[in-house]
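Asker: First, the structure itself, so that you have it in front of you.
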Amino acid sequence: MIEKLTIIGVGLIGGSLARALREAEHVREIVGYGRSVGSLQQAVELGVIDRAEVSLTDAARDADIVVLASPIGAMPEILTALKPVLNDRIIVTDVGSVKGDVISAARHILGAHFARFVPGHPLAGTEQSGVAASLADLFQRRRVILTPESETDSAALARVRAMWEIAGAQTVTMSAEEHDRILATSSHLPHMLAYCLVDMVVRHDDYRAIMECAAGGFRDTTRIAASDAVMWRDICLANREALLAAMRQYQEDFSALIAAIEKGDGAALLQTFTRAKHVRDSLNKKL
Ligand code: NAP
């Protein structure tokens, strides 16, 4: 049982975690802290949190677990403000989509308290944001990746792992470097493609006609371009090297596709499309 859970940033992910733990009756009190009074009020009205605090230190004081669920660009500032109330009991964890950057900030800022910082990332979400979009079952059967460092306290890690499992998730552990490299291709690159495609179409001379003819293919490929812009700016900047490597690999493969079309190389196109279709068909059973 968590006696006091503090969520910093009660949006889609923070709100969904609060809802899931409440539904599982695993938490006695949920306190929220955020940027705007309006969204915190909404979180209270929706019953996602019990109360909101206007001071971050008051929100975190005496908590069992503090969850950082803000955009990652705000986390260094939040960790700095948190530090004075941390003790040997409070566990701090985060849900940020990039791990290496958040971990180096936490190590630098938290000092001795870094041992009770458990880095995490739930592989769940939607293109929507804000507490109104939060769902109690968002993490059901979804993975949460935990990326502990050598200093991470094993009891703190076990408690955060148990929290996510009670919220319905399956937890896995890997290094932050591996996490950031894999997510650059599985998640960050697809978002870049979706944003770039929509932005290209918006600036196209035939924009209106293109939109009138856009159907399932355009909708399915670009759904994630509706994701929060601040969140994705922060992810790009925090995972710059791994994302650039994935984007350059894609650029190379895209150039090969252009070359095959230029040359009228139907065999190359068929080979690429057949291989991709085979993989995508098998994914339908897993996704
Ligand atoms: P969200 O719905 O926009 O929620 C973010 C929350 O953080 C909002 O309540 C926002 O307050 C608050 N916030 C913004 N700046 C803040 C600050 N400086 N201090 C305190 N609170 C602040 O975003 P989300 O989708 O839940 O994403 C939150 C985190 O989860 C991000 O780090 C993201 O990388 C990670 N994540 C997202 C997904 C996804 O698919 N969305 C999946 C996994 C992990 P306001 O309401 O006042 O703006």
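Values in this text are rule-based calculations from the coordinates and carry no lab data. All values reported here derive from a predicted model rather than from experimental measurement. Because the Cβ atoms are built from the backbone with ideal geometry, glycine has one as well, and the counts that use them run over all protein chains shown.
Asker: Where the centroid of each part is defined by its Cα atoms, how far is the stretch 229-249 from the stretch 132-204 in Å?
Answerer: The two parts, judged by their Cα centres, are 14 Å apart.
Asker: If you don't mind, another one. For a quick check: sort Tyr250, Tyr207, Tyr195, Tyr33 by the number of other beta carbons within 10 angstrom, fewest at the front.
Answerer: Details: Tyr250 15, Tyr207 12, Tyr195 18, Tyr33 26.
With the fewest neighbours first, Tyr250, Tyr207, Tyr195, Tyr33 line up as Tyr207, Tyr250, Tyr195, Tyr33.
Asker: Mind putting a number on the dipole of the chain about its Cα centre? Charges go on the C-beta only, +1 for Lys and Arg and -1 for Asp and Glu, and I need it in Debye to the nearest 20.
Answerer: Values: 31 positive and 36 negative charges, 92 e Å.
With Lys and Arg at +1 and Asp and Glu at -1, about 440 debye.
Asker: At 0.692 mPa s and 37 °C, plugging the Kirkwood radius over alpha-carbon pairs of the stretch 32-184 into Stokes-Einstein gives what diffusion coefficient in µm²/s?
Answerer: 206
Asker: If r is the Cβ-Cβ distance from Gln249 to Ser282 and R0 is 25 Å, what FRET efficiency results, to the nearest 0.05?
Answerer: Details: r = 22 Å, r/R0 = 0.87.
The formula returns an efficiency of 0.70 here.
Asker: What translational diffusion coefficient, in µm²/s and rounded to a whole number, does the Stokes-Einstein relation yield for the chain at 10 °C and a viscosity of 1.306 mPa s, taking the hydrodynamic radius as the Kirkwood radius over Cα pairs? Please list the in-between numbers first.
Answerer: Values: Rh = 20.5 Å.
The estimated diffusion coefficient comes to 78 µm²/s.
Asker: Looking at the chain, how many pairs of lysines come closer than 23 Å at the Cα, when each pair is eight or more places apart or spans two chains? Before the final figure, lay out each step's value.
Answerer: On the way: Lys4/Lys83; Lys83/Lys99; Lys263/Lys277; Lys277/Lys285; Lys277/Lys286.
Here the count comes out as 5.
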